[in-house]
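Each remark here refers to the structure printed beneath this line.
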Amino acid sequence: MSCHKRILMMVASCLLASSHPEPSAAADTNGATYRLYEGVTVYVNNPDGKDFNVSLDVRDLNLFANGPREVLFKVYDPDGRPVVREIIPDDGCVSPNFPDRIGGWDHELQYYANLYEKGTVPSFRWSAWSDPNRLNTLVKRTFDRPIKGGQKGVYRIVLAGAIDHYVTLRLSPDLKTAVSGHPNFIHGHGSLLKKSYVYVPKGSVGLFFVATEPDVPRARRFKITAPGGKALVDAEAQGGYASCIEKSWMDASLKFDKPGQYDGQVLTVEVADGPGDYLLKLVLQQGKEGLSADYVGMGSSAVFAPDEATAKAFQGGTIVVDDLVFWHPFQVRFHNWLKENKLDANDTEKALRKELVAEFGGFRLLETSDGRGSFSWINWAYALGYYGCRVFQPGWRLMQRADVPAEAKALIKEGLIMAGDRLSFAAGGEKVNGNAFSQINVALWYSHRATGDAIQKDRFETFWQRWTTEGWGPGSGLSRSGDSQEHFAHDCHYGSYLMDNWKAKDNTWISTGGILGDATDDPRFQQVLDRYQELYSYLYCREMSKTPVDANPWSSRTRASPHNAAANWESAKHPWKGDPGPDFTVSVNGGDEWFAARRKNYYMVTFHGRLAPEWMSRCFEGQVGFGGGILCQLTVPGKGPVLASLLYPGQGYGKGMDPSNWRNFQIHSLVGERWDGAPLISGISEHDNAKLTGNTVTSSGEVRDGHVKVTRSYTYNADSIDCSVALAESDYGRVLSIWSHERNWSEVRLAYEMIPFLAKGPDGNKATTVTVGDAPGQALGASNAPAVSAKTIRIDRGGFGVTLELDQPRNISLGANSTVLIQLVEPADKPTPASKVVLKYRLIPFGN
């Protein structure tokens, strides 16, 4: 499969052809059609060195991409040198289609699983597009490339693209082929890969197997048999997912009885007939030592052959020299060059050799895919563009040096073109982890600057443009507020990594410094970093002792502060905005997600922007991130924060934040219950219409699964803030009740405005006091004490705090976790219409 993907990418500008043939029952790839998840490599056995023709049909679903997506098409000769290297342009249909945010295979599978689990079904079958009759209704472009023979041996075709791409590959004359998929899976349909043969490379210690089958009914069974008939894997995709270890999906490894047990032998892979498509991942794991000892490990993606003889001819895409395993001829040439050139005449030569050996070591991790191999799962943003394979920055530096021999530079260039080409198409699962996704820009910058290659320069510029404009999809790359998005939204901790990674020096990740020390003639990196640091200087919340307060309720992964917090929260150029200073009221970075205001007696930040998709929160322990106009912090400048919305202590990924646990939350939100007792939390809403007019911020949005809409506003006065919150019937209530308009739908059974405060004073000893009524006021009892009717609430952290003046007397009580609960709706025989749930109040900070 990986071969097919490479072919696609190279042919990108010229091969589109004929009909969509039925796949063969075995793994023979000649004439087969593949859906790119997100690439394939096809090995071609040409023992006589014949001339042959590669014909590639490319079809584009134009379903998921939300923009243009190219195809990488490369053909390598037996020496490993490209004889075809092209980028097939998009077909021109670039308008958005699929509105939800998904990245990799796991998101797509979880999206489908969530629908089935709810008892409903998807709008279309995942497998629908592979039906030859349906596929033939799509416009195909055909690209033909004649390949000059003369060299006997194995040719390699590499195709890479997006999951919208279907490619059909034909060779003439017919030659024996085998296929591998990358970065993680090969996509199967019909009888494709019904029975295939996989060579076990030298040094294999085990295998990693996973299969998915999203559609129902599920009928596929996946079986892997060792020589002699022992069944290593025999699994069904229960719930859409199969692995060789039932209780663990993360580590779907099967360790062989002893290392090297099946070296040089052939496994049989069988996939039972079924109506649905599937994804299949099979890795032959290398031992975790030497180059493979890092967290990624090393493995060789399975190469599926139609028969045992062909499998042995391709040897799983490996080359064994000096008892070492390689995947590419240039790796062998680099190995031999280092053997022949000792570079040990003096300390300078020895130092250079050390750098060259390190560069070679990185290149040795490139396997059948042209990208880094892995012991298990692979995310190339981390494992190839980031700290998992350090070849790009060192390669760029070596290419600039006069003392590096020309032969070594040629090998470095060859490796960078291979790795950089493939990495430039890593925009599937990679884009959900913005901290690493951002590093692909860095790797591609170094690669094109080192190679001077026009195609690589274009790929860098394309990647950068899409990364900075959400061209890789909504929620991917830079947000409109300036941070690199995580989980298709924002995360305070992981989102901060870019600031460390890009710094020129004092870099906590890269001892040699980041891109800003090298890209001195490209100001775009600095511009991104400046805007990034400016954003974080607003979001910071701290005690005067410099102790951070994690007032990051919007974080979609963790609760934690930034990595290297002291350096990334604030700097001399971007000081914390919560310190005393001139008045302002702003939409932070003009993104209309965060809004901030500072006056002499207060600094306040609210968040109205993007949350992680609903399906994603359902795949964690609770809601991952809150918004809906949430008050993140209210700080008294020069004294410290008073109000702060905090996720569950010390946790993340939704821990403790399931909506059913709302009584134990410590966030600012309207909370309670729908008419039927289901949780109602206004903070689980996205307000795309948020705006600042004068000194007033307003926003509104549908509350997820709340059956209501919420509107919030904040008016920032000279010494106080006027706040309002109101519910209304969901915009969809009438549509969903056309034939049942008398039923309850947007009514509310119970509602409170939850106000979170810091439980203790700045010294961490004295408890914050909460009183109601006029001074001196009545102290509120424990969280289980009866409510007290009052119009005024005073929260005092020890000489500074905030007074809340309500629009009318309300029942006030303490919540379970340092919150004040202002009751808006009490349980009654008849639920309250959403339109009657309204609260206005004024925040008056004091103490500075």
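The values are calculated or read from the model by the stated rules, or taken from the named source; none is laboratory data. None of these values were measured; they are calculated from a predicted model. So basically every Cβ, Gly included, is an ideal-geometry build from the backbone, and we count neighbours across all protein chains shown. We work out accessible area using only protein heavy atoms, side chains counted, and drop any ligands, DNA or RNA first. Shrake-Rupley method; radii C 1.70, N 1.55, O 1.52, S 1.80 Å.
Miscellaneous remarks
- Among the residues making up region 280-314, a single one is among the hydroxyl-bearing types (Ser, Thr, Tyr), farther than 23 Å from Gly190 by Cβ and part of a strand (DSSP E or B): Ser300.
- Odd one out for Phe330, checked against (1) outside any strand (DSSP E or B); (2) among the hydrophobic types (A, V, I, L, M, F, W, C); (3) in contact with a Ser or Thr (Cβ under 7 Å, 6 or more places away or on another chain); (4) modelled with pLDDT of 95 or more: (3)
- Single unsatisfied condition, Asn97 versus (1) modelled with pLDDT of 90 or more; (2) open to solvent by 60 Å² or more (accessible area, probe 1.4 Å); (3) outside any strand (DSSP E or B): (1)
Conditions tested, residue by residue: (1) surrounded by fewer than 19 Cβ atoms within 10 Å (Cβ to Cβ); (2) outside any helix (DSSP H, G or I); (3) among the aromatic types (Phe, Trp, Tyr); (4) touching a Phe, Trp or Tyr at 6+ places or on another chain (Cβ under 6 Å).
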residue: Thr462; (1), (2), (3), (4): yes, no, no, no
residue: Arg466; (1), (2), (3), (4): no, no, no, yes
residue: Gly473; (1), (2), (3), (4): no, yes, no, no
residue: Arg480; (1), (2), (3), (4): yes, yes, no, no
residue: Tyr497; (1), (2), (3), (4): no, no, yes, no
residue: Ala504; (1), (2), (3), (4): yes, yes, no, no
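- Against the numbered list (1) more than 43 Å from the chain's Cα centre (by Cα); (2) more than 24 Å from Leu727 (Cβ to Cβ), Ala790 comes up short only at (2).
- A single member of Val94, Val84 is in contact (Cβ under 8 Å) with a residue 40 or more places away in the chain, over 25 Å from Ala237 (Cα atoms) and not charged (D, E, K, R), and it is Val84.
- Residues of region 237-254 that turn out to be open to solvent by 80 Å² or more (accessible area, probe 1.4 Å) and either of a type outside the set (D, E, K, R) or modelled with pLDDT of 95 or more (or both), as a count: 3
- Qualifying residue in region 637-647 (condition: open to solvent by 20 Å² or more (accessible area, probe 1.4 Å) and either among the polar types (S, T, N, Q) or touching a His at 6+ places or on another chain (Cβ under 7 Å) (or both)): no
- Residue among Gly274, Gly260 that is of a type in the set (Gly, Ala, Ser) and over 25 Å from Glu38 (Cβ atoms): Gly260
- Residue match in region 120-129 (condition: within 30 Å of Pro78 (Cβ to Cβ) and open to solvent by less than 50 Å² (accessible area, probe 1.4 Å)): no
- Residue in region 778-813 that is surrounded by the most Cβ atoms within 10 Å (Cβ to Cβ), counting only those that are without any contact (Cβ under 8 Å) to a residue 24 or more places away in the chain and under 20 Å from Pro845 (Cβ atoms): Ala790
- Selected residue [of a type in the set (Phe, Trp, Tyr), farther than 27 Å from Gly798 by Cα and over 20 Å from the mean Cα position of the chain (by Cα)] from Trp615, Trp594: Trp594
- Put simply, of Val158, Val198 the only residue that is open to solvent by less than 10 Å² (accessible area, probe 1.4 Å), in contact with an Asp or Glu (Cβ under 6 Å, 6 or more places away or on another chain), part of a strand (DSSP E or B) and over 30 Å from Val121 (Cα atoms) is Val158.
- Test: residue in region 134-150 that is touching a helix residue (DSSP H, G or I) at 6+ places or on another chain (Cβ under 9 Å), in contact (Cβ under 8 Å) with a residue 24 or more places away in the chain, of a type in the set (A, V, I, L, M, F, W, C) and buried (at least 22 other Cβ atoms within 10 Å of the Cβ): yes
- Residue check, Ala311 of a type outside the set (Phe, Trp, Tyr) and at pLDDT 95 or above: yes
- When we screen Trp396, Trp464, Trp445 for residues that are within 17 Å of the chain's Cα centre (by Cα) and closer than 27 Å to Val84 by Cα, the only hit is Trp464.
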